[in-house]
Amino acid sequence: MTTLDPALVLYYPKHEINPKMYLEEYFSQHVPFSTFKDTTINMQRCFYKAFSSDLVCGKTLIDFSLGPIIMHLISVCEFFEEISILKVNDVAIKELQLWRNKDPKAFDWTQTSKIFMELKQLNSDGWEEKEEILRGKIKEILKCELRKDDLDSLPKFDCATSVWFLETISKDHEDYRRNLRKFNNLIKMGGYLLFYAGVNASFFKIGKDKFHVLKCDESFYKKVISEEGFEIKHEENLEKIMISGDVDNDALVFIVAQKVREV
């Protein structure tokens, strides 16, 4: 079994995950469809509700999430004029670009898009239009290397979304704090961070390879977000749906926080 050094997951240059293998294993084959559907609805409902209820608003969005996933972006794209996506490795960027360009080699997200249409109680036949809306809203897919502080050249955004990200690239809690501070600098004053993460996870596996996750409980998430320039406006504690030996989180948390000060 290969175990990577903390903070190197998903962008370690000598051991990059094949994103399509990851997507096919966890979104098509490895997980029963009922579990996949419940997990997807769980996430999409959180993000969609935050915007459709006017809890959050804005014109520009930046996303920093684990791997080349789009299910949460499908649920919020209608609320934004422009979406930028940050990834920490080339293979994730390539996979997203394949999907954006409708390349036949891209991972097929049809099921995710149809699930969202069901969530909105709309005819699932409209899933293609929903994907086209997202494709049209994506302004850029960028690579960032947090250790090089290469985020300074980016503009500030109205909103930021994050799914299972900072805890997979941070070595320890102080490193997590430093990384969150960098993303705080990408959000306009009064803008929002929407944050979806695992509680008390310490690893996840893809095949035989085991990857680091920084163990964070709910109190840590709330404490660090509050101390790094945000005021929490909404929080949901969610039960774990996916039960397997591939990830060891106890539960899930969804937090909406507004930026109230620079750090």
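Some notes on this structure:
- Ligands, DNA and RNA left out, the accessible area of segment 49-111 computed with a 1.4 Å probe is 48% carbon and sulfur.
- The HN-Hα couplings worked out from phi for segment 253-260 by the Karplus form 6.51 cos²θ - 1.76 cosθ + 1.60 (θ = phi - 60°) are 9, 10, 10, 10, 10, 9, 6, 10 Hz, whole numbers, x standing for Gly and Pro.
- Surface accessible to a 1.4 Å probe, per residue, for the residues of segment 125-221, Å²: 42 Å²
- 5 angstrom amide H check on Leu154, placed H, neighbours 5+ away: none
- Gyration tensor (alpha-carbon) shape descriptor, segment 128-263, a/c threshold 1.5: rounded
The values are calculated or read from the model by the stated rules, or taken from the named source; none is laboratory data. Keep in mind that this is a model prediction, so the values were computed, not measured. What goes into the accessible areas is simple: the full protein's heavy atoms, side chains included, and nothing from ligands, DNA or RNA. Shrake-Rupley method; radii C 1.70, N 1.55, O 1.52, S 1.80 Å.
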